[in-house]
1. Taking a cut-off of 26 Å between Cα atoms, list the lysines near LYS160, but don't count ones fewer than 8 places away on the same chain.
2. What percentage of all Cα-Cα pairs in the stretch 80-191 are separated by more than 23 Å?
3. Let me spell out the model: positive unit charges on the Cβ of Lys and Arg, negative unit charges on the Cβ of Asp and Glu, origin at the Cα centre of the stretch 80-191. What dipole size does that give, in debye rounded to 20?
4. Would you mind putting 131-139, 23-31 in packing order, based on average other-beta-carbon counts within 10 Å, highest first?
5. Can you give the relative contact order of the stretch 80-191 as a percent, counting alpha carbon pairs under 8 Å and 6+ residues apart?
6. Quick one: order ARG14, ARG173, ARG58 by neighbouring beta-carbon count within 10 Å, fewest to most.
7. Hey, can you rank 178-189, 75-86 by average C-beta count inside 10 Å, highest first?
8. When only C-alpha pairs under 8 Å and at least 6 residues apart count, what is the relative contact order of the chain, in percent?
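Since every read-out is calculated from the coordinates, none of them should be taken as a lab result. Just so it is clear, the structure is predicted and the values come from calculations on it, not from any experiment. With ideal geometry, Cβ positions are generated from the backbone for all residues, glycine too; neighbour counts draw on all protein chains shown.
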Amino acid sequence: MKKIYNGRWSWNRRAIIVLVGDQMIAASMNGMPHGAGAIKNGFPGHFCIHFWGSTTHRSGKMDPAYQLMILKAGGKIDDYLNNVDPYELINIFSIAVNNHDKTLLELSVAKNKNQSQLMKVIKDLAYFKITNMSLLPVEDINEQVLMEVPVEVEFYKKHKGRDKKVMHFIIRRDSLIDRWYIDGQYLLKELY
């Protein structure tokens, strides 16, 4: 198990398939020993596996990161992303950064000529937290193909430390029937 987390225990969510008899069930797991129930096997505690609709121990609510990984495991993430609004897309970006999920990053950020540089900057982020995002009513964005969303964020860069700022996400789509993407070129400028 530690191998899929690059040799370290981690809270990062991962998409998994649970095999029960001849049935495959999409699920999500973390890789961090926690809580009670340790048995003498070198794993100090338990780890969590979530299924669609599962709730967390503490909050009793569904965890969006687990739910995204379940969609990914079930092959439904593309369908889901085709229908999210710009605000949800920014939340997905945050989850992708915090879980170091390259696939989700590639699905939420539009490819650009500086893609490798952007991925290097994102990889340097230890965490990324949205502290405030002003929302327009969804019906007000239905007729748009481009919008700027100011978002208050906190993040930690491994090589530069903690930062707080208002980032401006440029969210765009090619037409009214296409899905939204975060503009990668502009995102790179905002992360510097």
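1. Filter leaves LYS102, LYS111, LYS113, LYS120, LYS123, LYS129, LYS189.
2. Details: 1386 of 6216 pairs.
Every Cα pair in the stretch 80-191 considered, those over 23 Å come to 22 percent.
3. Numbers: 16 positive and 16 negative charges, 174 e Å.
Using only the charged Cβ atoms, the result is roughly 840 debye.
4. On the way: 131-139: 10.4, 23-31: 17.8.
Most protected by this proxy first, the peptides run 23-31, 131-139.
5. On the way: 182 pairs, mean separation 34.2, N = 112.
Value for the stretch 80-191: 31 percent.
6. On the way: ARG14 19, ARG173 16, ARG58 6.
So the residues, fewest neighbours to most, are ARG58, ARG173, ARG14.
7. On the way: 178-189: 17.9, 75-86: 14.4.
Top of the packing list down: 178-189, 75-86.
8. Working: 318 pairs, mean separation 30.2, N = 192.
About 16 percent, as a whole number.
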